[in-house]
1. For Glu84, put the label point 7 Å out on the Cα→Cβ axis and report which residues of the stretch 36-55 keep their amide N under 20 Å from it.
2. First select every other residue whose beta carbon is under 12 angstrom from the beta carbon of Ala20; then total the charges, Lys and Arg +1, Asp and Glu -1.
3. Around Asn80, with a cut-off of 15 angstrom between Cβ atoms, what is the net charge of the other residues, counting Lys and Arg +1 and Asp and Glu -1?
4. Return the carbon/sulfur percentage of the accessible area of the stretch 21-94, one whole number, probe 1.4 Å, all protein chains in place.
5. Heavy-atom accessible area per residue, the stretch 21-94, 1.4 Å probe: how many Å²?
6. Which net charge results when you count Lys and Arg as +1 and Asp and Glu as -1 among the other residues whose beta-carbon is under 12 Å from that of Phe40?
7. Sequence-distant or interchain residues sharing an amide H contact under 5 Å with Ala97, placed H: which?
8. Please give the length that would be gained between Glu41 and Phe65 if that part of the chain were fully extended, namely 0.36 nm times their separation in residues minus their C-alpha to C-alpha distance (nm, one decimal).
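The values are calculated or read from the model by the stated rules, or taken from the named source; none is laboratory data. Just so we're clear, the structure is a prediction, and the values are computed from it rather than from any experiment. When we count neighbours, we look across all protein chains shown, and the Cβ atoms used for this are built from the backbone with ideal geometry, even at glycine. The area values use the complete protein model at the heavy-atom level, side chains included, leaving out ligands, DNA and RNA. Shrake-Rupley method; radii C 1.70, N 1.55, O 1.52, S 1.80 Å.
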Amino acid sequence: NNNNNNNNNNNNGGPTHDMAKIFVGGLSWQTTEETLRYHFEQYGEVTSVEVMRDRNTGDPRGFAFVVFQDDATVELVMSNIPHEINHKTVDVKRAQARGMAPPSIHHDPQDPNAPDPNTDNPPTTLTTDNLPPNNNNNNNN
């Protein structure tokens, strides 16, 4: 299934999402590419559907990506939430470009020591000297 639609504009300053692509989560184990295509084709032309599977067992992992011909179709899909597929309400979101999932807990542009996802430099090593003491007793406030 080599539908490599290289329409994610990863030129720096491009969109932070994959154009015309949605993430569909919470799928029933019997949901197939055909089921998803049939459901989403009512909103616009579907160019590819990929149910993500376990690398070792081949079992469905419960989520998929659907790519449409036109990005405007994504808006239409999003405005028709909730979606029910195989008698199960699924979680539909605009797909995030790889490495751009919101909000990033790994990079704070205000923190000069935070790792920058745009570079290959490993993050600064953390030490325990600057951590506050571990107080596990303050959970019952």
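1. Under 20 Å, as judged by backbone N against the label point of Glu84, lie 36-43 of the stretch 36-55.
2. Around Ala20, the charge tally is -3.
3. Taking every other residue near Asn80 into account, the sum is -2.
4. For the stretch 21-94, the apolar C and S fraction of the accessible surface comes to 46 percent.
5. 59 Å²
6. Taking every other residue near Phe40 into account, the sum is -2.
7. His17, Asp18
8. Length gained, Glu41 through Phe65: 7.3 nm.
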